[in-house]
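Inspection log for the structure reproduced underneath, given as structure tokens.
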Amino acid sequence: MQSAQVKLEEIATSYRQSCLLFGALELGIFDRLVSSETPSSIAELSDFLGLQDYKTRTLVNCLLQMNLLELTSDGKVAAAAVWSEVKDQNAIAGLINYRDEFEEWIKLADLFRNGQKVSREYGTFNSDHIDSYLDMVKMSNYVRTEALASLLIDQLGTINSILDVGGGHGLYSQRLLERNDTAYASLFDLPPAIAYARRTLPDAIMQHVSLIEGDARELEIEPRFELTMINDLLHSFGHADKRKIVENAVRATQSGGWICIGKYQMSDSSPGAPGNNNIFSAKMILNSKEGYLESNEEVLELLAECGVTGAEVHSIKHDIPSVAVLGRVA
């Protein structure tokens, strides 16, 4: 049996694997191997990276142990199968955004005591990292957007008017519009996210989309939508702002219409359960001024306070346990 000391040391040093990944990304080793049609020798990689052979070999061996690289039968190095799903260079670059969170994590005790003075999330959305960040988010949510669209169609049938609050990359709306060519969606988000959607949404989808810039806490739109979605947004805010966002979204939905809040799983009834995304909630505390991952129960309570009846929690198939809280506006 593994000793307690060894287990604790494993946890204390696991950041080293992250740093190896970030270092390899910055050096460009994955760019080289993913884009190359043939594996590379250590000497070829050393020449490309501008490193001595022993440094390249050490890095390669670490990445082999992490199953991020693989060796061919003739001893050359190739990208592991995991990279076959991450060929887009912006998506690869987007992983480096996680490196930028390191300063917050290493100061966890101080930030939990004193709070974050400036929301790092808002900084990301107003920086030149926005494209790589949203590319990464879109890639990681690809399966989830498909599953949510299927759930909404199964539960609600045909929906022709959609408001996507904090829609960001636009993929949630796109999935619904692909299934109904008579529908239209209004995508509401901060200006940099709306600019991203304008650049990246397919032309055929853009014909059915209105893009609206704004802050979800100040949303004022007449109640004309059959479905209002709030996906992956509430966790960036404290309770009071979460309520403002939900209240504004409910007001924008027509009577008898539906509200859907998509989020990562978190339940107050089983706080230590493996399906709860507690580490993600800690990340939001570190990256924002008041944010945290709200529980399913908190969302149900907020919806009830804002006049949404019969809301239910539905599980969403995704690598990261997720749910959709779905209810009807009175």
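The values are calculated or read from the model by the stated rules, or taken from the named source; none is laboratory data. Keep in mind that this is a model prediction, so the values were computed, not measured. Glycine also receives a Cβ, built like all others from the backbone with ideal geometry; neighbour counts cover every protein chain displayed. When the accessible area is computed, the model is the full protein with side chains, heavy atoms only, and any ligands, DNA or RNA have been set aside. Shrake-Rupley method; radii C 1.70, N 1.55, O 1.52, S 1.80 Å.
Residue 64 to residue 184: FRET efficiency via 1/(1 + (r/R0)^6), r the Cβ-Cβ distance, R0 51 Å, to the nearest 0.05?
Numbers: r = 50 Å, r/R0 = 0.98.
Plugging the Cβ-Cβ distance into 1/(1 + (r/R0)^6) gives 0.55.
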Q | 0 to 90° range, to nearest 10: angle between helix 130-140 axis and the chain longest Cα axis | A | 90
Q | Percentage of interatomic Cα-Cα distances in segment 111-214 larger than 18 Å | A | 51
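So what's the net charge close to residue 159: Lys and Arg +1, Asp and Glu -1, counting the other residues with Cβ under 15 Å from its Cβ?
Values: positive: 175, 179, 224, 328; negative: 154, 164, 178, 181, 226.
For residues surrounding residue 159, the net value is -1.
Ignoring ligands, DNA and RNA, what percent of the 1.4 Å accessible area of segment 136-269 is carbon and sulfur? Could the numbers behind the result be given before it?
Details: 2490 of 5230 Å².
Answer for segment 136-269: carbon and sulfur cover 48 percent of the accessible area.
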(Q) I'd like the orientation of helix 53-65 relative to the chain: the angle between its Cα long axis and the longest Cα principal axis, in ° from 0 to 90, rounded to 10. (A) 50
Q. Per residue, how much accessible area does the chain have with a 1.4 Å probe, in Å²?
A. 50
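Convert 25 °C to kelvin, take the viscosity as 0.890 mPa s, use the Kirkwood radius over C-alpha pairs of segment 138-273 as Rh, and evaluate the Stokes-Einstein diffusion coefficient in µm²/s, rounded to a whole number. Don't jump to the answer; show the numbers that get you there.
Working: Rh = 15.2 Å.
Taking Rh from Cα pairs, D becomes 161 µm²/s.
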Q) Rounded, prolate or oblate: which one fits the chain, using the alpha carbon gyration tensor with axes a ≥ b ≥ c (rounded when a/c is under 1.5, else prolate when a/b beats b/c, else oblate)? A) prolate
Q: Can you tell me the 0 to 90 degree angle between the C-alpha axis of helix 142-156 and the longest principal axis of the chain, rounded to 10?
A: 20
Q: Give the distance, in whole Å, between the Cα centre of segment 139-178 and the Cα centre of segment 1-37.
A: 34
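Quick check on the chain: helices-only [θ] at 222 nm, where DSSP H runs of length 4 and up contribute -39,500 (n - 2.57) each and the sum goes over total residues. Nearest 500, please.
Working: 18 runs with 160 residues, N = 330.
Calculated at 222 nm, the ellipticity per residue is -13500 deg cm²/dmol.
Decide, for segment 49-201, between rounded, prolate and oblate: order the square roots of the alpha carbon gyration tensor eigenvalues as a ≥ b ≥ c, take rounded if a/c falls under 1.5, and otherwise choose prolate if a/b is larger than b/c, else oblate. Working shown, then result.
Details: a/c = 2.55, a/b = 1.49, b/c = 1.71.
Here segment 49-201 falls in the oblate category.
Within 10 Å, at most 11 other Cβ atoms, and a DSSP state outside H, G, I, E, B define an exposed site. Report the longest part of the chain free of exposed trypsin sites (Lys or Arg not before Pro). Kindly include the intermediate steps, with their values, before the conclusion.
Working: sites that count: 87, 117.
In the chain, the maximal stretch lacking such sites is 118-330.
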(Q) Could you tell me the extents of segment 213-330's C-alpha atoms along the three principal axes, largest first, rounded to whole Å? (A) 39, 29, 23
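Out of the total accessible area of segment 17-86 (probe 1.4 Å, heavy atoms of protein only), what percent is carbon and sulfur? Show your work: numbers first, answer last.
Details: 1920 of 3940 Å².
Its accessible area is 49 percent carbon and sulfur atoms.
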Q) Based on DSSP, what percent of beta bridges with both residues in the chain are antiparallel, to the nearest 5? A) 45
